[in-house]
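Visitor: Take this structure first; my questions come after.
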Amino acid sequence: MPTMRAMVLDRPKTPLVLRERPVPQPPAGEILIEVAACGVCRTDLHVMDGELPYPKLPIVPGHEIVGRVAALGSGVTGFALGACVGVPWVGAACGVCPYCRSGRENLCDAPVFTGYTRDGGYATHTLANARFCFPLPDALDAAEMAPLLCAGLIGWRSYRMAGEGEALGLYGFGAAAHILAQVAVWQGRRVYAFTRSGDAAAQDFARSLGAVWAGGSEEMPPEPLDAAIIFAPVGALVPAALAAVKKGGRVVCGGIHMSDIPSFPYRLLWEERQLLSVANLTRRDAYEFLAIAPRAGIKMQVTRYPLEQANTALGDLRHGRFEGAAVLIP
Ligand SMILES: [Zn+2]
Ligand SMILES: [Zn+2]
């Protein structure tokens, strides 16, 4: 029986362990994917740290999967053997709850999440629900496409929620911000990048991608912002960002988990400033963004790690040791 390798989390707050397993057969409606690259996302750290409730355990993390179709379950249409596909964070939505029926499958009452409630892409092979996979162009580099599947897609949803204003702040200049900054610059907006205080490398990186200003997250930008997106999981950034947006401005929290938000004076929210969170993605977000990404000429900065070095990649993400995105290569 052919075997596959996977990096497995047995329980939170322990390192991933390399395991060999039989390669599964895809059940009806699913496809077997031979993984070519899987992005490392901050959400994976939240799963590892036990900050998200009720993970499937043991779990194979990873929800920015690019690979090739290796086998088709019965009833799957629209995918050919060998075709390049992407698998995102939302692994399935029920299709019948009030949210699904009103075009908000990102808020589904019975969702399945790749690498959290079903096994993901820190592996040589994975299964995925075909209806939640996306065809990807064949010619592009798998590692450079992988971060688009979460940092790009959920970043895009956050970006749209931020509105049309021209002065946009990005708090936390990691994988998502480095993609969205390029989209914003392409659309003629002014990007203000906020990083950890004193992180000159991240600030230089942001300016190299077209940010008109980069500074520490405790600093005020040189002009009031129309909107800000917070990608860093730091609750203290909420009042900081509210203080930086102008009247009627919007602050969008783009992450799945954040430390507690400190109390703040009402005047920071007054004058119709808005504070909202973005959860997950819809397939419509994905199709929209995957069409825009090549037109915007997004250049991905990726650091590649062999699959077996997933723990190193996660540690480097936690400590901000690279710019852009980390990607595992089986
Ligand atoms: Zn639903
Ligand atoms: Zn993610």
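The values are calculated or read from the model by the stated rules, or taken from the named source; none is laboratory data. Nothing here was measured: the structure is a model prediction, and the numbers come from that model. Neighbour counts are summed over all protein chains in view; Cβ atoms, including those assigned to glycine, are modelled from backbone coordinates with ideal geometry.
Visitor: Test each condition in (1) touching a Cys at 6+ places or on another chain (Cβ under 9 Å); (2) under 19 Å from F289 (Cβ atoms); (3) surrounded by 20 or more Cβ atoms within 10 Å (Cβ to Cβ) for L107 and report the one that comes out false.
Guide: Going through the list (1) touching a Cys at 6+ places or on another chain (Cβ under 9 Å); (2) under 19 Å from F289 (Cβ atoms); (3) surrounded by 20 or more Cβ atoms within 10 Å (Cβ to Cβ), L107 breaks only (3).
Visitor: Further question: Let me confirm something: among A201, A177, A162, which residue is among the small types (G, A, S) and in contact with a Phe, Trp or Tyr (Cβ under 6 Å, 6 or more places away or on another chain)?
Guide: Step by step, each of A201, A177, A162 is checked, and only A177 is among the small types (G, A, S) and in contact with a Phe, Trp or Tyr (Cβ under 6 Å, 6 or more places away or on another chain).
Visitor: Being farther than 17 Å from I256 by Cβ, within 10 Å of ligand 1 (Cβ to nearest atom) and either surrounded by 20 or more Cβ atoms within 10 Å (Cβ to Cβ) or touching a residue at least 40 places away in the same chain (Cβ under 8 Å) (or both) is the filter here; which residues of the range 75-104 pass it?
Guide: Passing the criteria: only A92.
Visitor: Which of the residues spanning the range 110-123 are part of a loop (DSSP other than H, G, I, E, B) and surrounded by fewer than 21 Cβ atoms within 10 Å (Cβ to Cβ)?
Guide: A110, T117
Visitor: I'm trying to understand the selection: among the residues of the range 165-211, which are out of contact with any strand residue (DSSP E or B) (no Cβ under 8 Å at 6 or more places or on another chain) and more than 15 Å from A296 (Cβ to Cβ)?
Guide: Matches in the range 165-211: A200, A201, F205, S208.
Conditions (1) within 15 Å of ligand 2 (Cβ to nearest atom); (2) under 27 Å from T3 (Cβ atoms), marked per residue:
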site	(1), (2)
T117	yes, yes
G121	yes, yes
A143	no, yes
R160	no, no
G165	no, no
L170	no, no
R189	no, no
A193	no, no
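Visitor: Still on this structure: Inspect all residues belonging to the range 212-227 and state whether any of them is modelled with pLDDT of 95 or more, out of contact with any Pro (no Cβ under 8 Å at 6 or more places or on another chain) and of a type in the set (V, I, T).
Guide: Yes, because at least one residue in the range 212-227 is modelled with pLDDT of 95 or more, out of contact with any Pro (no Cβ under 8 Å at 6 or more places or on another chain) and of a type in the set (V, I, T).
Visitor: Let me confirm something: among F205, F173, F194, which residue is over 23 Å from L242 (Cα atoms), modelled with pLDDT of 95 or more and either of a type in the set (S, T, Y) or buried (at least 21 other Cβ atoms within 10 Å of the Cβ) (or both)?
Guide: After ruling out the rest, the residue left standing is F205.
Visitor: Something else: Show the residue pairs that are 6+ apart or on different chains and have beta-carbon atoms under 6 Å apart, the first residue being within the range 249-273 and more than 22 Å from G155 (Cα to Cα), the second being loosely packed, with under 12 Cβ neighbours inside 10 Å.
Guide: Cβ pairs passing all conditions: E271/K247.
Visitor: Still on this structure: When the residues of the range 236-255 are filtered to those that are assigned to a loop (DSSP other than H, G, I, E, B) and in contact with a strand residue (DSSP E or B) (Cβ under 9 Å, 6 or more places away or on another chain), which remaining residue is modelled with the lowest pLDDT?
Guide: By that ranking, first place goes to G255.
Visitor: May I ask you to say which residue of V47, V35, V69 is surrounded by 18 or more Cβ atoms within 10 Å (Cβ to Cβ), β-branched (V, I, T), in contact (Cβ under 8 Å) with a residue 40 or more places away in the chain and not in a helix (DSSP H, G or I)?
Guide: Exactly one residue qualifies, and that residue is V35.
So that you can scan it fast, the table gives a plain yes or no per residue for (1) under 27 Å from R101 (Cβ atoms); (2) in a helix (DSSP H, G or I):
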| position | (1), (2) |
| --- | --- |
| Y287 | yes, yes |
| A313 | no, yes |
| R321 | no, no |
| L328 | no, no |
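Visitor: Pull up the range 18-52, narrow it to residues that are among the β-branched types (V, I, T) and in contact with a helix residue (DSSP H, G or I) (Cβ under 7 Å, 6 or more places away or on another chain), then point me to the one that is nearest to ligand 1 (Cβ to nearest atom).
Guide: I31
Visitor: Suppose we filter C100, C94 for residues that are farther than 26 Å from V23 by Cβ and part of a loop (DSSP other than H, G, I, E, B); which single one remains?
Guide: Step by step, each of C100, C94 is checked, and only C94 is farther than 26 Å from V23 by Cβ and part of a loop (DSSP other than H, G, I, E, B).
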